[in-house]
Amino acid sequence: ALDAAMLALPVGEPDIETLALFEDLFLLAVPAADPRVDTARVAAGDIDQSRLILLEDGHCLRDQALAFCATARNRVGGAGGTAFAASSLTTVMQMVANGYGVTLIPQIAADVERRDNRVKLLRLEQPEPGRSIGLAFRRTSPRKADFAALGAVVRESVDIAGAPTSRPNKKGG
């Protein structure tokens, strides 16, 4: 049985309780040949949304990316759009590496997904977009104190790691 899960918030289920842990910021993954320097900050308006590669419908990361690029909603996969969709983030990153487009990637996945030197990751302009990551568990669970302790350890770990593109969530819920 699954007691708890770390996932993107909000969950939207009345029987599930959540504890906010940290903000997971988005990075823009571009082909290494992109002329922008690695330290460049990219404005949302500078993202060529006709080249935006997203996960397929049903993935929360797709919805989060579309929320950031609100104007992309009518173009991605629609008339005039040339963007692709894929079923996994690894596939999306391979498409970026091969020059088919760009994508938004969560910082939490960056270390795994950036192993390909054909891709570079760029920060976005302030306020940097992202998503809340939290711990979810049954509202009736007798282990709430354990989950609160686990949440505190995760928040402390984010603080210690000092990841420049993750912000700890001090609210805790």
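State whether the residues of segment 152-166 include one that is among the hydroxyl-bearing types (Ser, Thr, Tyr), touching a Leu at 6+ places or on another chain (Cβ under 8 Å) and modelled with pLDDT under 90. Yes: one or more hits.
Could you tell me whether Ala5 is of a type in the set (A, V, I, L, M), modelled with pLDDT of 80 or more and outside any loop (DSSP other than H, G, I, E, B)? Walk me through how you get there before you give the answer.
Values: of a type in the set (A, V, I, L, M): yes; modelled with pLDDT of 80 or more: yes; outside any loop (DSSP other than H, G, I, E, B): yes.
For Ala5, the condition - of a type in the set (A, V, I, L, M), modelled with pLDDT of 80 or more and outside any loop (DSSP other than H, G, I, E, B) - is met.
Of the candidates Ala20, Ala70, the single residue that is surrounded by 13 or more Cβ atoms within 10 Å (Cβ to Cβ) and either of a type outside the set (Ser, Thr, Tyr) or modelled with pLDDT of 80 or more (or both) is Ala20.
Take the conditions (1) at pLDDT 90 or above; (2) surrounded by fewer than 14 Cβ atoms within 10 Å (Cβ to Cβ); (3) outside the structural domain of Val153 (by TED's automatic domain parsing); Ser87 misses just one of them, which is (1).
Return the only residue of Leu104, Leu122 being of a type outside the set (Lys, Arg), touching an Asp or Glu at 6+ places or on another chain (Cβ under 9 Å) and under 30 Å from Asp34 (Cα atoms). Reasoning before the result, please.
Values: Leu104 fails: touching an Asp or Glu at 6+ places or on another chain (Cβ under 9 Å).
Answer to the selection: Leu122.
Answer yes or no as to whether Asp111 is among the charged types (D, E, K, R), surrounded by 13 or more Cβ atoms within 10 Å (Cβ to Cβ) and modelled with pLDDT under 85. Outline the logic, then answer.
Values: among the charged types (D, E, K, R): yes; surrounded by 13 or more Cβ atoms within 10 Å (Cβ to Cβ): no; modelled with pLDDT under 85: yes.
Considered against the rule, which asks whether it is among the charged types (D, E, K, R), surrounded by 13 or more Cβ atoms within 10 Å (Cβ to Cβ) and modelled with pLDDT under 85, Asp111 comes out as no.
In segment 43-51, the condition of being among the β-branched types (Val, Ile, Thr), in a loop (DSSP other than H, G, I, E, B) and surrounded by fewer than 18 Cβ atoms within 10 Å (Cβ to Cβ) is met by no residue.
The values are calculated or read from the model by the stated rules, or taken from the named source; none is laboratory data. Everything quoted here is computed from the prediction, not taken from an experiment. Quick reminder, even Gly has a Cβ in these numbers, built from the backbone with ideal geometry, and neighbours come from all protein chains shown.
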